[in-house]
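Comments concern the structure below.
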């Protein structure tokens, strides 16, 4: 039997980055806020201590911090005529779980999207003509502009203490920063991180080739910082254990380091961990959320009534909960109707590993952070003329190697035997003289008619609900884009002085088994037309106005950058809309 | 005629009886007195001992206080008539707080710091009473005396009082400033700093010649808080002391353990003038001159300790040992590191520690436990090293000392 809890003003589903931001903003407004988190509570000193957090086997190989597929998984297929099967071990992406969400185990790359990314459809159509775009591509404008989002980018950067070099300060291009970035109102709060040898060498080679390299903006801080909430962060020690790991040194921006210690002191905030929300409840009209139902670890169902519901889980879980709660119309790619599950995207990454003369190069790859690196942005978005190339999109590229962690870093030059004494000898010889950029080419992923999310017809979860089905493949446009970018990247690695290159293009079909990034986007996108978007420009549900859906699920398509800074900025943008507009007059912020 | 007169007599007797009953004389409407009492209760940190940690019934008692003689469970000081202090007279309340005399005339144990609270005036103490009387009465009967024989004989405390207790409110020193006098009153009176920071005789009385020079209690060594440059607050500015008491953190160190609780419940709510007064007074207390010579850097434990420090400690505390202000304590500048009694130092490395979150410093960073991956001789070496790095000098820590703290703290809750 479902037990009913006392009503709250706001219920937040998922206490990661966006849930934490929204909880802090709405408790500032005086509202009673409860957050419900599926995973465990996590805190820096108790869960990520420096005595054992740098354990590659436990965290990287065995996925310690992630959701266990036994609890919840998805089915996958490449094409609509295939039968999808359940994912039983995470591969292409890592679904977060627990307080802090992906903010615990991310690398800390803090990129702003380009101004043109927010008006992508309009921009590309005006420059190249509608016929230049593939016929099944369903990209669209976001419904808000870079200039509108800029103050919120700025807030999130200052919350996190972001380390970087400004490239465009109020319209003035600054040497050493990214000259392609949109105008920023303030410099970064802290200077860029120091760059190790191989990253510096990439910068030099790129400059020699005529590019304008700059340090990657980093959520791992170059120096101690006190954020606007009074929380303290320590300087990064360049230990090289960021992605897959929590930060032991209070150096990586996360909900734990930048919001939660402040938030949990507020008397009008409370949270429940180990509690999985299974449904957003609606009233009889189906147009108003009355709260949520969740299940605790004893299997007890609870109803949490609330006036305002914030859905702030990971991309896939946001879409899944909308489908299970029957909010909005599910997307049907055949009829071209519905919106929930539409415009699902990922990232198009590839890399080039460079093998250097061990006698001349010791890169000491252990010294790094998750967002270290020198990058160039010449081939991102529409920073270059796509006319001659026959594709749209692009990405940043750089030497962004995040460490020399031993299990993952046993690279050998092409042609080396795959095992035995010769392999061991090659690992030893090349260990310190190999450049392994990881996600060195970080390309965009645009949206298509037949790449989407829906409910699986066969497989169900532990509550007998249909699993969500992922239909995802790589299209010619993205493969062409990747080929072009990876070749450009290889030229720079070569110019660094590499003897041998291992060029690893992104190739189709889309592979669910090997890690790419956790940057899944879309499925509940924002926009100006309710026929092609789930949310209006304030991330408010068109169908249920007292529901806001935060996170990268709102991206109409993905840009050639890591998504987190934009995810955080959108959370502040939505929070401002709720504080300044919605609370004064609860209802639709935009007429549907 | 007789019947009405009996009625009148009965009614009169009731009124007389009511007047004669020894009850609370204050008024809950006397806002200035209640408010003054609330602040004095903060200064006196009553809530700390008289509340079970984590419970939502402040002042309801029931918390066991560990003493060298056994545990003493604190009484309920909410105004519940039967199990609290609701039916106590003002005189009885004052006698308990300022004189260590229980309602039945027997003696309190000095776990209740009446030897410090006696420095408050009767008016001060009755203001605390007036405040406590505004709280919701909580019914919670507490068996206070759980000491073993012979310490369970309260009459023995008469002799203790004769040796160690001097009744009397604080007398200002006319040669000192008003701020110094306020500080002296706070430290020696309601703040009862001596309870933890002054060493104790085998009978548990203050060693007055070692006033505030650091002591040991409940598995922790409390540091010297005189102006001693090596062991005490000599290298702290007054602002450092104020920041520490207000926020639990400063450029050198952070509060944890029992002092973390003092900051959370008491000093973080004190006014700035009172915190400055405490700093002024503590900075006026002279320190020792002599100290041990620095250990040579080429001694084996120093070499091993330097390597362990670089490997295990420097990520947060820095290669130079200076840490990060308000976040990671400076092992180079912390006087606790050089303390004659290294118990707290050993305990923090063995078991880890967490500083307290306050409104001024909400982060509350933590130090992990190294008890699993460093053995006793390794912990001894790294502590010996940090006690003798940069300009610091302090005696070596031995593996035996580490083993003893490991044993003593094995079953303690943190």
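Quick check on residue B:347: is it in contact with a helix residue (DSSP H, G or I) (Cβ under 9 Å, 6 or more places away or on another chain), outside the structural domain of residue B:197 (by TED's automatic domain parsing), surrounded by fewer than 21 Cβ atoms within 10 Å (Cβ to Cβ) and under 24 Å from residue B:412 (Cβ atoms)?
no
Going through B:273, B:286, B:301 one at a time, which residue ends up being part of a helix (DSSP H, G or I), farther than 28 Å from residue B:352 by Cα and over 19 Å from the mean Cα position of the chain (by Cα)?
B:273
Given the conditions (1) under 20 Å from the mean Cα position of the chain (by Cα); (2) surrounded by 24 or more Cβ atoms within 10 Å (Cβ to Cβ); (3) at positive phi, report the number of the one that residue A:241 does not fulfil.
(3)
Counting only residues that are in contact (Cβ under 8 Å) with a residue 60 or more places away in the chain and out of contact with any strand residue (DSSP E or B) (no Cβ under 8 Å at 6 or more places or on another chain), which one in the range A:205-222 is farthest from the other protein chains (Cβ to nearest Cβ)?
Step by step, filter the range A:205-222, then rank; the result is A:209.
Got at least one residue in the range A:241-255 being within 13 Å of chain B (Cβ to nearest Cβ), closer than 29 Å to residue A:515 by Cβ and at pLDDT below 95?
yes
Out of the range B:328-337, which residues are more than 21 Å from the chain's Cα centre (by Cα) and either away from chain A (no Cβ under 14 Å) or surrounded by fewer than 24 Cβ atoms within 10 Å (Cβ to Cβ) (or both)?
Within the range B:328-337, B:330, B:331, B:332, B:333 meet the criteria.
Looking only at residues that are at the interface with another protein chain (Cβ under 10 Å from one of its Cβ atoms) and part of a loop (DSSP other than H, G, I, E, B) in the range A:223-235, which one is nearest to residue A:49 (Cα to Cα)?
A:234
Got a number for residues in the range B:202-235 being farther than 16 Å from residue B:288 by Cβ, part of a loop (DSSP other than H, G, I, E, B) and touching a helix residue (DSSP H, G or I) at 6+ places or on another chain (Cβ under 8 Å)?
Of the residues in that region, 5 qualify.
When only residues in the range B:348-385 that are closer than 13 Å to residue B:257 by Cβ and assigned to a loop (DSSP other than H, G, I, E, B) count, which is farthest from the other protein chains (Cβ to nearest Cβ)?
Per the criteria, the residue is B:356.
Among the residues of the range B:165-201, which ones are more than 15 Å from residue B:117 (Cβ to Cβ) and assigned to a loop (DSSP other than H, G, I, E, B)?
B:171, B:172, B:173, B:174, B:175, B:176, B:177, B:198, B:199, B:201
State yes or no: is residue A:320 surrounded by 24 or more Cβ atoms within 10 Å (Cβ to Cβ), part of a helix (DSSP H, G or I) and within 14 Å of another protein chain (Cβ to nearest Cβ)?
no
Is there a residue in the range A:473-490 that is at negative phi, at pLDDT 95 or above and in a strand (DSSP E or B)?
No: zero hits.
Report yes if residue B:234 is at pLDDT below 90, surrounded by fewer than 18 Cβ atoms within 10 Å (Cβ to Cβ) and not assigned by TED's automatic domain parsing to the domain that holds residue B:43, otherwise no.
It is false that residue B:234 is at pLDDT below 90, surrounded by fewer than 18 Cβ atoms within 10 Å (Cβ to Cβ) and not assigned by TED's automatic domain parsing to the domain that holds residue B:43.
Confirm whether residue B:400 is outside the structural domain of residue B:233 (by TED's automatic domain parsing) and farther than 30 Å from residue A:238 by Cβ.
yes
Identify, from the list B:161, B:91, the residue that is surrounded by fewer than 16 Cβ atoms within 10 Å (Cβ to Cβ) and assigned to a helix (DSSP H, G or I).
B:91 is the lone residue from the list that is surrounded by fewer than 16 Cβ atoms within 10 Å (Cβ to Cβ) and assigned to a helix (DSSP H, G or I).
Can you find, within the range B:309-325, the residue that is farthest from the other protein chains (Cβ to nearest Cβ) among those that are touching a strand residue (DSSP E or B) at 6+ places or on another chain (Cβ under 9 Å) and part of a helix (DSSP H, G or I)?
Only one residue fits best here, namely B:317.
Search the range B:288-315 for residues being closer than 15 Å to residue A:249 by Cα and in contact (Cβ under 8 Å) with a residue 24 or more places away in the chain, and hand back the single one that is surrounded by the fewest Cβ atoms within 10 Å (Cβ to Cβ).
B:312
What about residue A:506, is it surrounded by fewer than 17 Cβ atoms within 10 Å (Cβ to Cβ) and assigned to a loop (DSSP other than H, G, I, E, B)?
For residue A:506, the condition - surrounded by fewer than 17 Cβ atoms within 10 Å (Cβ to Cβ) and assigned to a loop (DSSP other than H, G, I, E, B) - is not met.
So in the range B:111-124, with the set limited to residues that are under 13 Å from the mean Cα position of the chain (by Cα) and part of a loop (DSSP other than H, G, I, E, B), which one is nearest to residue B:192 (Cα to Cα)?
My answer is B:113.
The values are calculated or read from the model by the stated rules, or taken from the named source; none is laboratory data. What you see is a predicted model, and the numbers here were worked out from it, not measured in a lab. Positions of Cβ are generated from backbone atoms using ideal geometry, with glycine treated the same way; all protein chains shown enter the neighbour counts.
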